[in-house]
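J.: One structure follows; several queries about it will come next.
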Amino acid sequence: MKHYFPSIFLVVLMSFSAFSQKSEYELIVPNLNNPWGFTFLPDNSILITEKEGKLIHFKNGKKIEISEVPEIYLRGQGGFLDIELHPNYKKNGWIYMTYSSSKGKGRGGNTTLMRARLKGSQLINQEVLYKAIPNTSKSYHFGSRIAFDTENHVYFSVGDRGNRDENPQDITKDGGKIYRLNDDGSIPKDNPFVKSKNAKKAIYSYGHRNPQGMEINPFTNEIWSHEHGPKGGDEINIIKKGKNYGWPKASFGVNYSGTKFTDKTSIPGMENPIHYWTPSIAPSGMAFINSDKYGKWKGNLLVGSLKFQYLSRCILKGNKVFKEVKLLKNIGRVRSVEQGLDGFIYVGVEHLGIVKLLPKK
């Protein structure tokens, strides 16, 4: 006599597993290719950058494509990148965005910070605030995230643009840096290198590889950032004025071939990461849970993993990652993470869309 219980049990188990995964989130904005960055407008509608060069306004369940977006240099990791509202957006209407641009000297492109206003379905009053130079045809390490501090300085990151041996450690060159500007694009008088000869006056910190996550810690007002390492050595750093974060002099990673490019993981006078991943998770997107929607998770840091396709919930003890818990396992390449105006966490996933993380019941 044949027994069919095991196969029935397997089907039920598989169905329950699929339901459990889906029950972790609710799909809010479907059918997005690569939602590199997104931000919430005061009416809870969402502005979304599609890496391919589109700006989408998701409102009342509909996607509206915004016209007059900047010309995008689409190559490799370059494209339409991050987007953030000015803290006083309700009064001034400024929207800040980063993208790769081919304008300026040299073939190829480099990372640009621009601000503009939204009028209906059109970008107006566009102002380029910073353009990294020179252009290069290398297709990787553009950065780039945007954050504002409590004094309305705008911070943005630019990767080393594939030139690790020159750009990150040289303050006279763009690339491998986190920059700070006044909100109108002018240089703050107290920037660390304003009096250094030939230095890029906008630099706030240097020695970075490819920062694709940056957020102001709402509990301490510190700037937190994470960046891609090579093979191993992805990092979380607390960004401090004028500090050197070591790349490529010190790293927990190795070349993709497995050979070493440095035998140092720490160098006196350079900042050490507060956390690192080996093997690399390929981090992208970053948000702190600063609401009561998730109970004891309040104060946790969330980091997306492109490589392993999950959202990492980093449990902190002070400025250290005490423990990690994987959320949204196998959901897809997690590109962007934001806390909404409603206190819920939203996650941009490549080839899926934007999902809302549901509180654990």
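Every number in this text was worked out from the coordinates using simple rules, so none of it is lab data. From a predicted model like this one, the values you see are computed outputs, not experimental measurements. Here Cβ is always computed from backbone atoms with ideal geometry, including for glycine, and neighbour counts include all displayed protein chains.
J.: Where nothing but the Cβ of Lys and Arg (+1) and of Asp and Glu (-1) is charged, how large is the charge dipole of segment 102-155 around its Cα centre, in debye to the nearest 20?
T.: 340
J.: What pairs in Lys323/Lys361; Lys90/Lys200; Lys201/Lys241; Lys103/Lys177 have C-alpha atoms more than 24 Å from each other?
T.: Lys90/Lys200
J.: In a GNM of the chain with a 10 Å cut-off on Cα contacts, which of Asp190, Asp292, Asp43 has the highest mean-square fluctuation?
T.: Comparing Asp190, Asp292, Asp43 in the GNM, the peak value goes to Asp43.
J.: So what's the angle, to the nearest 10 degrees on a 0 to 90 scale, between helix 5-22 and the longest Cα principal axis of the chain?
T.: Approximately 30 degrees, to the nearest ten.
J.: Let me ask something additional. Cα gyration tensor of segment 107-243, axes a ≥ b ≥ c as square roots of the eigenvalues: rounded (a/c below 1.5), prolate (a/b > b/c) or oblate?
T.: rounded
J.: At 1.002 mPa s and 20 °C, plugging the Kirkwood radius over alpha-carbon pairs of segment 190-282 into Stokes-Einstein gives what diffusion coefficient in µm²/s? Could the numbers behind the result be given before it?
T.: Details: Rh = 14.0 Å.
This corresponds to a translational diffusion coefficient of 153 µm²/s.
J.: Here is a further query. Under the √(5λ) rule applied to the eigenvalues of the Cα gyration tensor, what semi-axes describe the equivalent ellipsoid of segment 212-361? Give them in Å, descending.
T.: Over the Cα atoms of segment 212-361, the semi-axes work out to 27, 18, 12 Å.
J.: On the Cα set of segment 100-173, report Rg and Dmax in Å, please.
T.: 14.1, 45
J.: Determine, for each peptide in 132-141, 153-162, the mean count of other beta carbons within 10 angstrom over its residues, then list the peptides with the highest first.
T.: The packing order, highest mean first, is 153-162, 132-141.
J.: Report ³J(HN,Hα) in whole Hz for each residue of segment 232-248, in order, from the Karplus equation J = 6.51 cos²θ - 1.76 cosθ + 1.60 where θ = phi - 60°; Gly and Pro get x.
T.: x, x, 4, 10, 10, 10, 9, 7, 10, 4, x, 8, 9, 9, x, 5, x
J.: Next up: Using every alpha carbon pair in the chain, what percent of pairs falls into each 20 Å bin from 0 up to the bin containing the largest distance?
T.: Result returned by the calculation: 30, 58, 11, 2, 0.
J.: Right, here's the next one. Between Tyr89, Ile133, Ile66, whose Cα lies farthest towards the positive end of the dipole of segment 30-280 when Lys and Arg beta carbons carry +1 and Asp and Glu beta carbons carry -1, centred on the Cα centre?
T.: Ile133
J.: Enumerate the calculated ³J(HN,Hα) couplings along segment 158-165 in order (Karplus 6.51 cos²θ - 1.76 cosθ + 1.60, θ = phi - 60°), each rounded to whole Hz, writing x wherever the residue is Gly or Pro.
T.: Listing the rounded values in order: 10, x, 6, 6, x, 10, 6, 7 Hz.
J.: Rank-order 270-277, 294-301 by packing density, defined as the average count of other C-beta atoms within 10 Å over each peptide's residues, highest first.
T.: Result, highest mean Cβ count within 10 Å first: 270-277, 294-301.
J.: Given springs between every Cα pair under 10 Å in a Gaussian network model of the chain, which of Gly213, Gly76, Gly285 has the largest fluctuation?
T.: Judging by the Gaussian network model, the answer is Gly76.
J.: So what's the net charge close to Trp247: Lys and Arg +1, Asp and Glu -1, counting the other residues with Cβ under 9 Å from its Cβ? The partial results should precede the final answer.
T.: Working: positive: Arg164, Arg209, Lys249; negative: Asp160, Glu227, Glu235.
Charge balance in the 9 Å sphere: 0.
J.: Further question: Highest GNM mean-square fluctuation, the chain, Cα pairs closer than 10 Å: which of Asn191, Asn31, Asn221?
T.: Asn221
J.: Please give every one of the lysines within straight-line cross-link reach of Lys231, meaning a C-alpha to C-alpha distance under 17 Å, and leave out same-chain neighbours fewer than 8 residues apart.
T.: Output for Lys231: Lys249, Lys260, Lys264, Lys307.
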